[in-house]
Amino acid sequence: QVQLVESGGGLVQAGGSLRLSCVASGLAFSARAMGWFRQTPGKEREFVAAIAWTAGDTDYADSVKGRFALSRDNAKTTVYLQMNSLTPEDTAVYYCAARSTISIARTQTHYAYWGQGTQVTVSA
């Protein structure tokens, strides 16, 4: 059974930082691209960032580029999203997702597995 479990969300003041973690189990982690998406009430889930299996290939939404950084530890089957200089606009539920291939993608339908999400709230 595939499981993606996110953690690290919480409440932070604007300008602060959080690091989200996503631990994967039940799949060949090192052979998959991983992604993060976020969603606020009443809005579509949007792409945040993705990392290929090699970790050298990453992609970021323009809204987070330069502030967020992805990394992965294949030995720990964990992907991390370091979020810096947070703003209230970053408030959302953040979801970890896994593809069935090694290449990154921005479209959520390209991801086969999803976590339950972790809430990030940034106060002004």
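For the reader, a short list of remarks on this structure follows.
- Stretchable slack from THR87 to SER123, in nm (0.36 nm times residue separation minus alpha-carbon distance): 12.2 nm
- Overall, the accessible surface of the chain at a probe of 1.4 angstrom is composed of carbon and sulfur to the extent of 49 percent.
- Potential lengthening of the chain between ALA31 and LYS76 amounts to 14.9 nm, from the contour at 0.36 nm per residue minus the alpha-carbon distance.
- Count Lys and Arg as plus one, Asp and Glu as minus one, and take only other residues whose Cβ is under 13 Å from that of PHE29; the net charge is then +3.
The values are calculated or read from the model by the stated rules, or taken from the named source; none is laboratory data. This structure is a prediction, so every number in the text was calculated from the model and none was measured. Ideal geometry is used to build each Cβ from the backbone, glycine not excepted, and the neighbour counts take in all protein chains shown. For accessibility, only protein heavy atoms count, side chains too; no ligands or nucleic acids. Shrake-Rupley method; radii C 1.70, N 1.55, O 1.52, S 1.80 Å.
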